[in-house]
Amino acid sequence: MQEGSYVLAEAPEIDLAVLEAEVAELEEYIVKGDIYRTVRVQTPSGVRMVQMSGGDLLTRLYRLEQERASLTPEQQRRVDDLGKQARATIYSLRTRFHDLLKREIKARLDSLNWFLDDVVGDPKRARAEYPFEIRNRQRIELMVEELAEDFTPELQKQISRIDDRIRLIVQPGGFVWDKRLEPIFPRERFWYLYVSP
């Protein structure tokens, strides 16, 4: 892990426990329509309170599917089952889920804008907080993929503006999160994880 990084790789068992709890809540989460939902999760390391969102669920599923080859056969089966359940629920409530994702993208873009406003002229603070804050941009990436044809030109403009702002304060660098996550988030797609303020 890089010094100062806030983002550590979760053990697959932790990610699986959280994903199971999120998939169990997914239908109610979508129907209720709040962007964020606090979920109580029993993990191998104890009870955790997790802030669930569509972007978080998509990220955990993506991460576990990308790590599939290193999982046990039982973990692979659980990931496959959870992926099927999540996709079936999303498909049955697609319009509502996509509306939630669009609202979440806007909320995460606002958060990134506030971060960029706050760290202008303070490179030390920007470097310290960047690995944590850039999680918003990574989650946006996976939400955009899910939206596919429902992704609007207006959202694309907003994301492009954020990317331009990020590029103004960064320079090329190493992977900003725990090195164990690097193979899961390749530079070509997740360029903002390979730069530093």
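Only one of the listed residues (Arg63, Arg87) is within 21 Å of Gln138 (Cα to Cα) and in contact (Cβ under 8 Å) with a residue 12 or more places away in the chain. That residue is Arg63. Restricting to the range 26-49, and then to whatever is without any contact (Cβ under 8 Å) to a residue 12 or more places away in the chain and not in a loop (DSSP other than H, G, I, E, B), can you tell me which residue is farthest from Arg103 (Cα to Cα)? Filtering first and then ranking leaves Gly46. In the range 95-111, is there at least one residue being outside any helix (DSSP H, G or I) and exposed (fewer than 15 other Cβ atoms within 10 Å of the Cβ)? Checked against the condition, which is being outside any helix (DSSP H, G or I) and exposed (fewer than 15 other Cβ atoms within 10 Å of the Cβ), the range 95-111 yields no hits at all. The residue of the range 70-91 that is modelled with the lowest pLDDT, among those that are over 13 Å from Leu58 (Cα atoms) and either open to solvent by 80 Å² or more (accessible area, probe 1.4 Å) or under 17 Å from the mean Cα position of the chain (by Cα) (or both), is Ser70. Residues in the range 19-48 that are open to solvent by 70 Å² or more (accessible area, probe 1.4 Å), more than 19 Å from Leu93 (Cβ to Cβ) and among the hydroxyl-bearing types (Ser, Thr, Tyr): Thr38, Ser45.
Filtering the range 66-79 to residues that are farther than 27 Å from Thr95 by Cα and either touching a residue at least 60 places away in the same chain (Cβ under 8 Å) or not aliphatic (A, V, I, L, M) (or both) leaves Glu67, Arg68, Ser70, Thr72, Pro73, Glu74, Gln75, Gln76, Arg77.
The values are calculated or read from the model by the stated rules, or taken from the named source; none is laboratory data. All of these numbers come straight from a predicted model, not from anything done at the bench. We place every Cβ from the backbone using ideal geometry, glycine too, and count neighbours over all the protein chains shown. Just the protein is used for accessible areas: all its heavy atoms, side chains included, with ligands, DNA and RNA removed. Shrake-Rupley method; radii C 1.70, N 1.55, O 1.52, S 1.80 Å.
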